[in-house]
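What follows is one structure encoded as structure tokens, with my remarks underneath.
Just so it is clear, none of the values below were taken in a lab; they were calculated from the coordinates. The structure displayed is predicted, hence computed values, not measured ones. So basically every Cβ, Gly included, is an ideal-geometry build from the backbone, and we count neighbours across all protein chains shown.
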Amino acid sequence: MLAVTEEDEEIISSVVAGKTPSYVLESNLGDCRRAAGIRREALRRMTGRALEGLPLDGFDYGSILRQCCELPVGYVQLPVGIAGPLLLDRRQYYVPMATTEGCLVASTNRGCKAIAESGGAASVVLRDGMTRAPVVRLPSVRRAAELVAFVEEPSNFETLAVVFNRSSRFARLQGIQCALAGRNLYMRFSCSTGDAMGMNMVSKGVQNVLDYLQGDFPDMDVMSISGNFCSDKKPAAVNWIEGRGKSVVCEATIKEEVVKKVLKTTVPALVELNMIKNLAGSAVAGALGGFNAHASNIVSAVFIATGQDPAQNVESSHCITMMEAVNDGKDLHVSVTMPSIEVGTVGGGTQLASQAACLDLLGVKGASLESPGSNARLLASIVAGAVLAGELSLMSAHAAGHLVRSHMKYNRSSKDVSKAA
Ligand code: ADP
């Protein structure tokens, strides 16, 4: 039990009795650490569980207030490992990964080594736009189609862009994609959001546009600011095909001797396994964006370390891994194509001390003053580069395992053959 002052005792009893709602503690007390302690003690009395092992001290509860987490009673500790250097676009990065999965950091580290010893990886950010798709209902299909025509008319779009962009100096509307379901209209707004992941920003812009459209379409009924055509935190073909956040492709050519020495396998074994597992196997499974070995392992670990929204791992892990033999079949060309990496370096959890430290390690902490958006784009490239390393290493482990198994099979069968002979 924690040491409790008389004054706190009164508040704890009141919370336990249900007289004081736990969520008012921060604003009533003006002391976030004290509020968390009182809430925790009240919880202990109500449940009989002390949460031993979940630390209370050593965390700045003020930094999460009205931003990151409500009703705090402590914080979960996660180890952070470092994979690298990842040689990407001629620069070295040490990639922080928060995980409790043994081997994950070691494996990614091995992939980084293979990439570095082969001259490095290169990345391209093809698109950069966060999306939000409200759903509005019109009295009839005809009226809904009129609204589509209005939105798609170029001069109207220009006006809507001006209205949208008032939401932030970083928000720039790129397009509106319309889809109908009967008289319900889904408008997928896409916009650049500087270094922010951008959900708040794009939502504010969308609200501005909906308010404006109501003038010309008073019969438009706004059903929800999010109609799921966005599509946030759910597997959806629209993100896989159209992209969401940053669309990144990353490639490397791994030398034959590096495949042998570092990855302990061969180029033909990797190419064949990629075809059978990541392409055909995922097709058999009916995969949606899952044409990879374990992109989400790396995405989740880097997301948690750098203060991203881990729920966006769903679409941020969409990835197709390609492998082919090049240079007269000697070397391995490997690439990962990831159309919807949703990351930011400002806002959300990125400003918390631990997460900011990890962003700082990568040189992408906070807003880029010279070129807004470049920190977030670089972070997306690093995520893709780390995924490339992770794919290389795990696929090699599988390919090597396959080789080991086939050797064993070969040895056994040859014994059998000799016995039979
Ligand atoms: P999100 O839209 O990802 O939820 P927030 O709206 O919480 O993010 O955070 C973005 C905030 O950071 C905005 O208020 C914005 O004005 C500010 N900001 C400062 N510099 C930048 C930058 N370079 N890019 C984007 N936003 C920035």
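Overview of results
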item: The chain: C-alpha gyration tensor shape, a/c 1.5 cut-off, then a/b vs b/c; result: oblate
item: Residue of D331, D57, D89 that the Gaussian network model of the chain assigns the largest fluctuation, springs spanning Cα pairs under 10 Å; result: D57
item: Whole-Hz couplings from phi, Karplus 6.51/-1.76/1.60, listed for segment 250-266; x for Gly and Pro; result: 9, 9, 7, 10, 9, 5, 3, 5, 6, 4, 6, 6, 8, 9, 6, 8, 10
item: Computed [θ] at 222 nm, helices only, for the chain once each DSSP H run of length n ≥ 4 contributes -39500 (n - 2.57); result: -13500 deg cm²/dmol
item: Most mobile listed residue (T159, T99, T108) in the chain, GNM with C-alpha springs under 10 Å; result: T159
item: Cut-off 12 Å between beta-carbons: net charge of the residues surrounding M323, Lys and Arg +1, Asp and Glu -1; result: -4
item: Fewest-first sequence of C112, C191, C68 by Cβ atoms within 10 Å of each Cβ; result: C68, C191, C112
item: Ranked packing of 195-207, 113-125, 222-234, most packed first, by mean Cβ within 10 Å; result: 195-207, 113-125, 222-234
item: Global form of segment 235-312, assessed from the alpha-carbon gyration tensor, a/c cut-off 1.5; result: oblate
item: Relative contact order (%) - criterion: Cα under 8 Å, at least six apart; region: the chain; result: 18
item: Farthest positive-ward along segment 302-398 dipole, Cα basis, beta-carbon charges - from A380, Q312, A357; result: A357
item: Of V383, V284, V258, the one that fluctuates the most in a GNM where the chain has Cα springs shorter than 10 Å; result: V284
item: For R91, R183, order by how many other beta-carbon atoms lie within 10 Å, fewest first; result: R91, R183
item: Listed pairs K233/K255; K19/K365; K255/K277; K264/K365; K261/K365; K19/K233 exceeding 32 Å between Cα atoms; result: K233/K255; K19/K365; K264/K365; K261/K365; K19/K233
item: Burial ordering of T100, T266, fewest other beta-carbon atoms within 10 Å first; result: T100, T266
item: For segment 9-64: rounded, prolate or oblate by the Cα gyration tensor [a/c cutoff 1.5]; result: oblate
